[in-house]
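Engineer: Below is the structure I would like to discuss, written out as structure tokens.
The values are calculated or read from the model by the stated rules, or taken from the named source; none is laboratory data. Here the structure is a predicted model, which means the values were calculated and not measured. Glycine gets a Cβ as well: all are built from the backbone with ideal geometry, and neighbour counts include every protein chain shown. Heavy atoms of the whole protein, side chains included, go into the accessibility calculation; ligands, DNA and RNA do not. Shrake-Rupley method; radii C 1.70, N 1.55, O 1.52, S 1.80 Å.
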Amino acid sequence: MTVGTGRQTRRALSANLHLLLAFLFLTVPTACVSSKDVEEKALMPYGIKGLEPEHGPVGSTVIIRAERFDGLPEVYFGNIKAEARLLNSQEVEAVVPEGFSVANVYLSAEDSVAQAGHFTATFEDRSPWLALNAGGHHVCGIKKDHTLWCWGENSTSQLGTGVFRDPSRIPLQVPGSWDDVSVPGYILFGNTCARATSGEVSCWGNNMTGPFPKHYGDPISRPTLLPGDWDEVQLGGNLACGVRDDLFFCWSESHEMLAEPILLADEAWQSYSTGYVHGCGIDQARKLFCWGMNHRGQLGNGVTSATIALTPQPVSGDMTWRQVSAGGYISGNTLVGSTCAVSTDDALYCWGSNDHGQLGLDVPGMVTSPALVTDSWESVDVSTHGACGVKKDGSLWCWGRGKHEMVRMGDFSDWQNVTTLRSLEPLMSTDDSPFNKSLSACGIRSDDTAWCVETDPKIKRSWAHEITELAVPGPFLMEPPALQHGRP
């Protein structure tokens, strides 16, 4: 997001003169320049008078873009020199100094370093991420400062910003302080739930399905406290599950037997996953159980069934488990489910429907019991038609979309986790959509930065991709300032 511009004047300047780049936070409607501003700008023979901004958040960065940089210039916030690095021949990244309080960003360089008559500076927040969770058409993430950010489709107010139907490709902040977030993994169920640092669970978005049992009405555009004193809630597609008072419940708007939360377990699971029409949980003994629909063997108990299992069924085999992921989708009147899990000895097993290769197995149809895929896995996340996982060596792999072969995503070897989007299509399908690629997966690397994998939805059965870092522009939308050249 461009927040300010400066234009190099064609004058004969000495090598020590400072070329000015400015981006201003328009937090007040009229310009005011403090004496401190004047003192600091006196160090710069030519300057731009601007506004008093808010303090920049620690860890945020400014990306300075020009036609060409032939070397790394010195970057100043007022008279404070900033840590900077040359990203490429057109971009320099500078870290915002702690507690900076002047709007002006300066470059100090000889003419040979910055060859351009037009500069832009973009304010981006790259403070560390704590967690990410992806859905059908939107993604939410929590930073380590407990701020919550959501982006993507917003047709049912699932971004939680109080705005209806305005999508966003850039992350938007949801008010409040948060430590956990859940997004349903399916396109039709645009809602979000999150747990505040105070322990309360709030939800927003589509009010026809999901978190609010028997609560129909218009979409909820802002976080709304979920009735029932829940400790946590996880959204699937047609299924939602949650914990309160160490008891485990599930419910579903589309099944009369689950219209109200029913007790499935009298103790909390070590971990659990809620899919489209089924869920799975690992108990305190690290045994794995699944419940819900079992049309394609997704419960992993060796059989298929057209009836819903309201009691957790033990998964076949004597393995012990440390992580599980339930996925699936609806095709016409057919409910499709798939499950993958990582055992305590780091082996990846999958079962259920394999109609799109989402099990990572060269097996047609379905598998009704856990089948070994490969060894040495850290985690896995199953979506609708595919899955992604992180291996023990930190590499990221994805499979499905019509091919069971696993494809490595990029060359990074420090992924901590991954969350896979459930949609194979762009986040918006209109011709003027900014989402011209399909956001397939996002994950957090060892330095707590977040990165996302984008694939081309027009290329069927392809994992051809690009991987880009997720940076939060902001925190305010700003217009270019009126520039005044000359000495202050």
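Engineer: When you scan the stretch 136-144, do you find a residue that is at pLDDT 85 or above, surrounded by fewer than 14 Cβ atoms within 10 Å (Cβ to Cβ) and more than 27 Å from ALA66 (Cα to Cα), even just one?
Structural biologist: Within the stretch 136-144, one or more residues are at pLDDT 85 or above, surrounded by fewer than 14 Cβ atoms within 10 Å (Cβ to Cβ) and more than 27 Å from ALA66 (Cα to Cα).
Engineer: Show the residue pairs meeting these rules: Cβ distance below 9 Å; 6+ apart or different chains; first residue within the stretch 239-266 and within 11 Å of GLY292 (Cβ to Cβ) and assigned to a loop (DSSP other than H, G, I, E, B); second residue open to solvent by 80 Å² or more (accessible area, probe 1.4 Å) and modelled with pLDDT under 90.
Structural biologist: That search, which allows pairs on different chains as well, returns nothing.
Engineer: Also, quick follow-up: Please count how many residues of the stretch 178-212 are assigned to a loop (DSSP other than H, G, I, E, B), within 17 Å of the chain's Cα centre (by Cα), at pLDDT 70 or above and farther than 9 Å from LEU235 by Cβ.
Structural biologist: Looking only at that region, the number is 1.
Engineer: Separate question: Mind listing just one residue for me: the one in the stretch 145-166 that is under 13 Å from ALA196 (Cα atoms) and in contact with a Ser or Thr (Cβ under 8 Å, 6 or more places away or on another chain) and, of those, modelled with the lowest pLDDT? Give the steps one after another, and end with the answer.
Structural biologist: So the first thing to find is which residues in the stretch 145-166 are under 13 Å from ALA196 (Cα atoms), and the list is 145-148.
In the following step, the residues that additionally are in contact with a Ser or Thr (Cβ under 8 Å, 6 or more places away or on another chain) were identified as 145-147.
Working: ASP145: 87, HIS146: 92, THR147: 90.
Among them, the one singled out is ASP145.
Engineer: When you scan the stretch 382-404, how many residues do you find that are among the hydroxyl-bearing types (Ser, Thr, Tyr) and surrounded by fewer than 24 Cβ atoms within 10 Å (Cβ to Cβ)?
Structural biologist: Residues that pass the stated criteria total 1.
Engineer: Please find, within the stretch 407-426, the residue that is nearest to LEU132 (Cα to Cα) out of those that are open to solvent by 10 Å² or more (accessible area, probe 1.4 Å) and modelled with pLDDT under 75.
Structural biologist: Step by step, filter the stretch 407-426, then rank; the result is ARG422.
Engineer: Which of the residues that make up the stretch 315-360 are β-branched (Val, Ile, Thr) and surrounded by fewer than 20 Cβ atoms within 10 Å (Cβ to Cβ)?
Structural biologist: Within the stretch 315-360, THR320, ILE330, THR334, THR344 qualify.
Engineer: Check whether at least one residue in the stretch 308-331 is part of a loop (DSSP other than H, G, I, E, B) and within 28 Å of the chain's Cα centre (by Cα), and report yes or no.
Structural biologist: Step one: list which residues in the stretch 308-331 are part of a loop (DSSP other than H, G, I, E, B), which gives 315-320.
After this cut, where a residue has to be within 28 Å of the chain's Cα centre (by Cα) as well, the list is none.
No, that holds for no residue.
Engineer: Okay, next question. When residues of the stretch 57-77 are filtered for being surrounded by fewer than 21 Cβ atoms within 10 Å (Cβ to Cβ) and either at pLDDT 80 or above or over 12 Å from LEU107 (Cβ atoms) (or both), how many remain?
Structural biologist: Matching residues across the stretch 57-77 total 11.
Engineer: Considering only residues that are modelled with pLDDT of 90 or more, among the hydroxyl-bearing types (Ser, Thr, Tyr) and open to solvent by 70 Å² or more (accessible area, probe 1.4 Å), which ones fall in the stretch 305-314?
Structural biologist: THR311
Engineer: Looking at PRO364, PRO370, which one is more than 26 Å from the chain's Cα centre (by Cα) and over 25 Å from PHE248 (Cα atoms)?
Structural biologist: PRO364
Engineer: Does the stretch 269-277 contain at least one residue that is buried (at least 20 other Cβ atoms within 10 Å of the Cβ), of a type in the set (S, T, N, Q) and outside any strand (DSSP E or B)?
Structural biologist: Within the stretch 269-277, none of the residues are buried (at least 20 other Cβ atoms within 10 Å of the Cβ), of a type in the set (S, T, N, Q) and outside any strand (DSSP E or B).
Engineer: Here's something else I'd like to know. Which of (1) touching a strand residue (DSSP E or B) at 6+ places or on another chain (Cβ under 8 Å); (2) modelled with pLDDT of 90 or more; (3) surrounded by fewer than 20 Cβ atoms within 10 Å (Cβ to Cβ) does ALA285 not meet, given it meets every other one?
Structural biologist: The number of the failed condition is (1).
Engineer: Then there is this: Condition check: open to solvent by less than 10 Å² (accessible area, probe 1.4 Å), modelled with pLDDT of 80 or more and of a type in the set (A, V, I, L, M, F, W, C). Does LEU130 satisfy that?
Structural biologist: Judged against the criteria, LEU130 is not a match.
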